Amino acid sequence: MTIEQITEKKYGDILDREAPIPLRHTRMDLQDRAAQFSPFAALVGYDDCIRETARLTDEQMELDENVKASLDERFAYLCVKQKEEPEITITFFVPDALKEGGEYRRVTGRVRKIDLYAGNLFLADGQIIPLQMVTELCGDFFRELED
């Protein structure tokens, strides 16, 4: 026997009938009916956890003595000239709040203030950069220092 024959034998008496009209309630529209069968998240937060695990971070590199000396020289020069509010480009490390490592960011802006006591560099746009996280200072402002 084929599937068609089995179907005809079992359901032959109702195959050609119209679907019954409910007497107590109105029919659900197709969109609401489809919503009943939409997928759901059985494990709430699992997708976020997987995304977080897959997210890559950089390791903070250790600066050698020559780079540290160059940075110290540039910071000293910057402290002396900070009233001019020079525009500089800074590369610094930002630790990740959720996992080990972080990322390196590069910003360009005008220096508003350097607070050596607190160890922060303040930019005119409101950014605060910890001095110990800075890995590079550059810009046209430092040309005088190189001459």
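Some values worked out for this structure:
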read-out	value
Pairwise FRET efficiency - E146 versus R112, Cβ, R0 = 25 Å, nearest 0.05	0.55
Nonlocal amide H pairs with G139, under 5 Å, H built at 1.01 Å	T89
Rounded FRET efficiency, nearest 0.05, which uses the C-beta distance separating Y11 from D32 and R0 of 22 Å	0.20
Burial ranking of peptide ranges 56-65, 113-122 (average Cβ count within 10 Å, highest at the top)	113-122, 56-65
Listed candidates (1) -0.85, -1.14; (2) -1.02, -1.65; (3) -1.01, -1.36 - label of the one calculated as log10 I(q)/I(0) by the Debye sum over Cα atoms at q = 0.17, 0.22 Å⁻¹	(3)
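Bear in mind these aren't lab numbers, they're just calculated from the coordinates by the rules spelled out. All figures in this text were calculated on a predicted structure; none of them were measured in a lab. For neighbour counting, all protein chains shown are included, and Cβ atoms are generated from backbone atoms with ideal geometry for every residue, glycine included.
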